[in-house]
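A.B. asks: Take a look at the following structure, please.
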Amino acid sequence: MAIVSLEKICKTYHLGSIDLHVLSQIDLTFKEGEYVAIMGPSGSGKSTMLNLLGCLDRPSSGRYFLGDRDVSILDDDELSQIRGQRIGFIFQSYNLIAQLNVIENIEVPMFYQGVTERPSYKRARELAETVGLGDRLDHIPSQLSGGQQQRVAIARALANDPLIILADEPTGNLDSESGGEILVLLDSLHQQGKTLIIVTHDTNVARRAHRIIHLLDGRVERIEINKKI
Amino acid sequence: MVWFRIKRTIKLGAKSLWMHRLRSTLTTLGIVFGVCSVIAMLAIGEGASQEAQNQIARLGSRNVIIKTVKPAEEQQSTADDSTMKTYGLTYEDAERFRATLSYEVIVPSRRINQQVWYRNRKVTVEVIGTIPWYPEIAPIEIMRGRFFGSIDLHYQHKVCIVDESVIDEIFIIDDPIGQDIKIKDNYYRVVGIVTAVGPIDTTGETANGIEPQAGPSRSGEMAGGIMGNVYIPLSAFKSSFGEISIQMTAGTRQMEKVELQEVTVKVPSLDMVLPTRDILEDMLASTHKKKDYQILVPLELLRQAARTKRIFSIVLGSIAAISLLVGGIGIMNIMLATVSERTREIGIRRALGARRRDIIIQFLSETVMLTLTGGVLGIALGSLIPYLVERFFYMPTVITGFSLILAFGISGAIGVAFGIYPAYRAAWLDPIESLRHE
Ligand SMILES: Nc1ncnc2c1ncn2[C@@H]1O[C@H](COP(=O)(O)OP(=O)(O)O)[C@@H](O)[C@H]1O
Ligand SMILES: [Mg+2]
């Protein structure tokens, strides 16, 4: 069943007199539980696409269905709501909030959904344990290694049990060992039935996915199906 | 749930303010000084008007008080030291007042500071010679016994009425009623005890001293060691003390003849106070060659107090307004800096589901927490100022609960007023750009 579908999505930036077509005529669907990688050279529109999928941005034209809702017509508050409830973000640079500790960082998305104190703490603690940080609950980000920070970010992305998890170069800032650990963690999420969309440069990362979407100059160049899985 | 949100928001705000505690403290100084001025302004204003109200209650709002004053030229002529100076209000004046102002209560009085004895104990009091209607114009109430009557006045009976405070000094355990006390050369029988009613005199002025700014205030003890009043019939006063007093000034003797020190006129209604004052003014001006009298209208103290209040309100109000404005702008400036420093955090929060209004609440509450902290510091510091004013400038001050609440409210309002723009700036940042922000 398709939980995400893009219909003729375009994203155009108007820079003075020039129109920059960052994404043009994208038609794609993603199925529930799918593991998809998006690849392409720098500037090909990968991040822009991920931002659209994550409801951080709105397309210039085209329609975007998330679950059964057309989110391309929603206003800012509704988009915020969707982001909080249905999307889990994992960023290249972790993007934890510096003054909050591990537990508090994981609790942030739940806070904006109005989860009360006790369930919020309980869930954050469970997630921290799941990603192997049960003994670091009150550490702040600067006291953690890059790999640990990214694991906190993954726990945070899972907090509201989202429909899709979006990761933009999640291992881009990590050495191969901790990057490997993160990939193992993402694999396990997939095994639990989560829908994962990962932007990456790295073919080793992309190899783990069912499908690899290659972007070039804002268009889908080709889609590669991974037969080994 | 709401409580949890509030708790979280406060915790977060406190955390980031604490992270920049020096900056936060410096930023709030404007608010601190502004709030200080507000507290001081209100305390001094309230003090002035309560003081005036006390004095009016003490002196009687419907009273016009005419006092004998030593005329100015008399004070300067020191060469001629043997002649008798005659000045001041006379019985004739009092008669004339009575004839003209038929419907008012007119009470003449003479006063002298004198030691009085009971057995072997003495106390200095103000002996007031007056007429039976004195209680109508003075804030006193007869506790026991009686005030003297017309017959006492007519026959110069040696009777007296004493203040409660005097009793404590000399009678100790004896029942004063029926005892004789010695005033100058005569014994007077105590027939009544009076007590002061209305507000306590906090300025240390005796009831006839009306100038509100005069002298340091020390509550409890009256001016010049006077412990209270003793009232005797005016006729007895006259026969006992005569009308001539000898003043010893710098080695020269000066004889003075004064018939009455004071005449109090009580009018039936408040709106007659000022017209009566004018009538008396005219009457005295035409009958007295020298300006040897002074007319005091307690009601005017209210105006005086209002004037004091207005001056302080203008001065301190301007200081408050300027400090609060500058403080508010400083806070806005710091909050704009905070927003730009925390652009990335804002982007993260937006990506994780924060709506614009969540961001507004976060930054607005941080600003309000900052200004409320300033407000609390200002209230603490500002409460000391009235104390110092009272201590060193002898001005009464009153800090009301209302002024504290107002000051707290003002600091909160400043937080909202100057925090709203930075908060909106934060909320309207583009999430994608914020996330890219370094
Ligand atoms: N806000 C913007 N204004 C103008 N051009 C932009 C903006 N955001 C992205 N672009 C352009 O869109 C193109 C695609 O960017 P991006 O999606 O970040 O590429 P990728 O992630 O594949 O490297 C780039 O050429 C970039 O310069
Ligand atoms: Mg990119």
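A.B. asks: Return B:M143, A:M1 ranked ascending by Cβ neighbour count within 10 Å, so the fewest neighbours appear first.
C.D. replies: A:M1, B:M143
A.B. asks: Provide the descending list of Cα extents for the range A:50-185 along its principal axes, expressed in whole angstroms.
C.D. replies: That works out to 45, 37, 24 Å along the principal axes.
A.B. asks: Long-range amide H contacts for B:V398: which residues qualify at under 5 Å (H placed 1.01 Å from N, peptide plane, sequence gap of 5 or more or a different chain)?
C.D. replies: Hits under the 5 Å cutoff: B:I44, B:E46, B:G47.
A.B. asks: Right, next: What is the angle, in °, between the Cα long axis of helix B:273-287 and the longest principal axis of the Cα atoms in chain B? Nearest 10 is fine, range 0 to 90.
C.D. replies: It works out to around 40 degrees.
A.B. asks: Go ahead and estimate [θ] at 222 nm for the protein assembly as shown from helices alone: -39,500 (n - 2.57) per DSSP H run with n ≥ 4, summed, over the residue count, rounded to 500.
C.D. replies: -15000 deg cm²/dmol
A.B. asks: Which length gain, in nm to one decimal place, applies between B:A417 and B:A57 when the Cα-Cα distance is subtracted from 0.36 nm times their residue separation?
C.D. replies: Computed gain between B:A417 and B:A57 is 125.3 nm.
A.B. asks: Using the Karplus curve 6.51 cos²θ - 1.76 cosθ + 1.60 with θ = phi - 60°, what ³J(HN,Hα) values do you get for each residue of the range B:304-312, in whole Hz, with x for Gly and Pro?
C.D. replies: The phi angles translate into 4, 5, 4, 5, 4, 4, 5, 4, 5 Hz.
A.B. asks: Under 1.5 on a/c is rounded, so check that first for the protein assembly as shown, then, if it is not, pick prolate when a/b is larger than b/c and oblate when it is not; a ≥ b ≥ c are the square roots of the alpha carbon gyration tensor eigenvalues.
C.D. replies: Cα axes put the protein assembly as shown in the prolate bin.
A.B. asks: Once Rh is set to the Kirkwood radius over Cα pairs, what Stokes-Einstein translational diffusion coefficient, in µm²/s, holds for the range A:117-222 at a temperature of 4 °C and a viscosity of 1.567 mPa s? Could the numbers behind the result be given before it?
C.D. replies: Numbers: Rh = 15.0 Å.
The calculation lands on 86 µm²/s.
A.B. asks: Let me ask something additional. So which of B:K182/B:K289; B:K122/B:K158; B:K85/B:K158; A:K194/B:K11; B:K184/B:K257; A:K8/A:K46 end up more than 27 Å apart, counting from Cα to Cα?
C.D. replies: Details: B:K182/B:K289 38 Å; B:K122/B:K158 18 Å; B:K85/B:K158 29 Å; A:K194/B:K11 34 Å; B:K184/B:K257 19 Å; A:K8/A:K46 16 Å.
Too far apart for the 27 Å limit: B:K182/B:K289; B:K85/B:K158; A:K194/B:K11.
A.B. asks: Work from the charge dipole of chain B (Cβ charges, +1 for Lys and Arg, -1 for Asp and Glu, about the Cα centre) and give the residue of B:H157, B:I348, B:P108 farthest towards its positive end.
C.D. replies: With unit charges placed on the Cβ atoms, the residue in question is B:I348.
A.B. asks: About the Cα centre of the protein assembly as shown, what is the dipole size in debye to 20, counting +1 per Lys and Arg Cβ and -1 per Asp and Glu Cβ, all else neutral?
C.D. replies: Dipole size: approximately 1060 debye.
A.B. asks: Using 0.36 nm per residue of separation minus the Cα-Cα distance, give me the extension gain between B:T25 and B:K291 in nm, one decimal.
C.D. replies: Gain in length upon complete extension: 89.7 nm.
A.B. asks: Let me ask something else. Work out the FRET efficiency for B:V315 and A:D68 from their Cβ-Cβ distance, taking R0 = 60 Å, and round it to the nearest 0.05.
C.D. replies: E between B:V315 and A:D68, to the nearest 0.05, is 0.30.
A.B. asks: Expressed as a whole number of Å, what is the distance separating the alpha-carbon centroids of the range B:340-364 and the range A:115-175?
C.D. replies: 19 Å
A.B. asks: Let me ask another. By a straight-distance test (C-alpha under 13 Å), which aspartates and glutamates pair with B:K266 as possible cross-link partners, with residues fewer than eight away in the same chain excluded?
C.D. replies: Filter leaves B:E104, B:E136.
A.B. asks: Specify the inter-centroid distance of the range B:40-70 and the range A:1-61, based on alpha-carbon positions, in whole Å.
C.D. replies: Here the answer is 81 Å between Cα centres.
A.B. asks: Can you compute the FRET efficiency between A:R58 and B:I405 using 1/(1 + (r/R0)^6), with r the Cβ-Cβ distance and R0 = 45 Å? Round to the nearest 0.05.
C.D. replies: 0.45
A.B. asks: Run the reach check for B:K7 against lysines, Cα to Cα strictly under 16 Å, same-chain hits fewer than 8 apart removed. What comes back?
C.D. replies: B:K15
A.B. asks: Would you mind ranking B:I410, A:I140 so that the residue whose beta carbon has the fewest other beta carbons within 10 Å leads the list?
C.D. replies: Listed from fewest to most nearby Cβ atoms, that is A:I140, B:I410.
A.B. asks: On average, how much area does the Cα convex hull of chain B cover when viewed from any direction, in nm²?
C.D. replies: 30.7 nm²
A.B. asks: A further question on this structure: Other chains near A:88-100: what is the mean number of their Cβ atoms within 10 Å of each residue's Cβ?
C.D. replies: Mean number of neighbouring Cβ atoms from other chains: 4.
A.B. asks: To continue, here is another question. Could you list B:C160, B:C36 in order of exposure, starting from the residue whose Cβ has the fewest other Cβ atoms within 10 Å? Before the final figure, lay out each step's value.
C.D. replies: Numbers: B:C160 28, B:C36 24.
Ordered from fewest to most neighbouring Cβ atoms within 10 Å, B:C160, B:C36 come out as B:C36, B:C160.
A.B. asks: Under 5 Å between amide H atoms, partner at least 5 residues away or on a different chain: which partners does A:I38 have, H built in plane at 1.01 Å?
C.D. replies: Correct list: A:I198, A:V199, A:T200, A:I213.
A.B. asks: If the reach is capped at under 12 angstrom between alpha carbons, list the aspartates and glutamates near B:K290, excluding any in the same chain fewer than eight residues apart.
C.D. replies: Within the straight-line cut-off, B:K290 pairs with B:E73, B:E74.
A.B. asks: With θ set to phi - 60° and the Karplus curve 6.51 cos²θ - 1.76 cosθ + 1.60, what are the ³J(HN,Hα) couplings of the range B:339-347 in order, to the nearest whole Hz, using x for Gly and Pro?
C.D. replies: 4, 6, 5, 9, 3, 5, 4, 4, x
A.B. asks: Sticking with this structure for a sec: Label B:T86 and A:C10 with points 7 Å out from Cα along Cα→Cβ: what is the distance between them in nm?
C.D. replies: The two pseudo-label positions are separated by 11.7 nm.
A.B. asks: For the range B:145-162 and the range B:258-331, what is the separation of their C-alpha centers, rounded to whole Å?
C.D. replies: 36 Å
A.B. asks: Right, another one. With labels modelled as points extended 7 Å from the Cα through the Cβ direction, what inter-label distance (nm, one decimal) is found for A:S17 paired with B:W3?
C.D. replies: In this crude label model, A:S17 to B:W3 measures out at 6.5 nm.
A.B. asks: Sticking with this structure for a sec: Tilt of helix B:2-19 relative to the longest C-alpha principal axis of chain B, in degrees (0 to 90, nearest 10)?
C.D. replies: Here the helix axis deviates by roughly 90 degrees.
A.B. asks: What nm value, rounded to one decimal, do you get for the distance between B:I329 and B:E438 when each label is placed 7 Å out toward the C-beta?
C.D. replies: Reported label-point gap for B:I329 and B:E438 is 3.4 nm.
A.B. asks: Note the angle between two axes, namely the Cα long axis of helix B:356-382 and the longest principal axis of the Cα atoms of chain B, as a number of degrees from 0 to 90, rounded to the nearest 10.
C.D. replies: Tilt relative to chain B: about 30 degrees.
Bear in mind these aren't lab numbers, they're just calculated from the coordinates by the rules spelled out. Because the structure is a prediction, the values reported are computed rather than measured. All Cβ positions, even for glycine, are placed from backbone atoms using ideal geometry, and neighbour counts span all protein chains on display.
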